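A.B. asks: Pasting a structure here, questions to come.
Values in this text are rule-based calculations from the coordinates and carry no lab data. What you see is a predicted model, and the numbers here were worked out from it, not measured in a lab. Glycine gets a Cβ as well: all are built from the backbone with ideal geometry, and neighbour counts include every protein chain shown.
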């Protein structure tokens, strides 16, 4: 599947930002509790998904809760998992839809300890890395948390946003574990939060 490879290849187009924590003001908030045990093993051939198999006992990358706040100056996404992946490379993808565009904020984690946070604009089938001062995140293995903070200015100061979160954990060239934080049977980020208006 080309999308999975692009999650890493897009790093070459962006300036990697180390993850750090940050707070928020009052906001329009929303949270969702995901089903437990809904991780899928995606079979890959020539970068395309050729089949899926449930992996109900896998805790790593199994999203438990997604919480979103749309504040005056930023959008904050908090993703809690049963356990963070420990594989050779994995990514948490926050998919954001605004009135004018679609974006992905990608927290990429590599087995040798490298981390980066990248904002990608996705007009149609094309995508491009977007420079975003103030893009921040937090990574906490003890609590299974990945948090991401995106300045509204980097999203065009939208009136509202809709959000989905997924986790992809590379399991070799022929397989990737995936969990969509809002869809108990899918992985393609088709389901979105309600419209969250600026707080």
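A.B. asks: Given 100, 76, which one is over 29 Å from residue 172 (Cβ atoms) and assigned to a loop (DSSP other than H, G, I, E, B)?
C.D. replies: On the way: 76 fails: assigned to a loop (DSSP other than H, G, I, E, B).
Only one candidate passes the filter, namely 100.
A.B. asks: Pick out the one residue from 144, 134 that is touching a residue at least 40 places away in the same chain (Cβ under 8 Å) and more than 16 Å from the chain's Cα centre (by Cα).
C.D. replies: After ruling out the rest, the residue left standing is 134.
A.B. asks: Looking at (1) under 20 Å from residue 37 (Cβ atoms); (2) surrounded by fewer than 13 Cβ atoms within 10 Å (Cβ to Cβ), which is the one condition that is false for residue 112?
C.D. replies: (1)
A.B. asks: A further question follows. Mind telling me which of the residues 47, 95, 64 ends up being over 16 Å from residue 187 (Cβ atoms) and either surrounded by fewer than 21 Cβ atoms within 10 Å (Cβ to Cβ) or in contact (Cβ under 8 Å) with a residue 40 or more places away in the chain (or both)?
C.D. replies: Within the list 47, 95, 64, the selection yields 64.
A.B. asks: Filter segment 107-149 down to residues that are part of a loop (DSSP other than H, G, I, E, B) and touching a strand residue (DSSP E or B) at 6+ places or on another chain (Cβ under 6 Å) and give me whichever is farthest from residue 68 (Cα to Cα).
C.D. replies: Filtering segment 107-149 down to residues part of a loop (DSSP other than H, G, I, E, B) leaves 111-114, 122-127, 131-135, 141-144.
Remaining after also requiring touching a strand residue (DSSP E or B) at 6+ places or on another chain (Cβ under 6 Å): 122, 127, 132, 134-135, 144.
Working: 122: 20, 127: 23, 132: 19, 134: 17, 135: 15, 144: 16 Å.
Of everything passing the filter in segment 107-149, 127 is farthest from residue 68 (Cα to Cα).
A.B. asks: Here is a further query. Which of the residues that make up segment 148-177 are surrounded by fewer than 22 Cβ atoms within 10 Å (Cβ to Cβ), touching a residue at least 40 places away in the same chain (Cβ under 8 Å) and closer than 19 Å to residue 110 by Cα?
C.D. replies: Correct list: 170, 171, 173, 174, 175.
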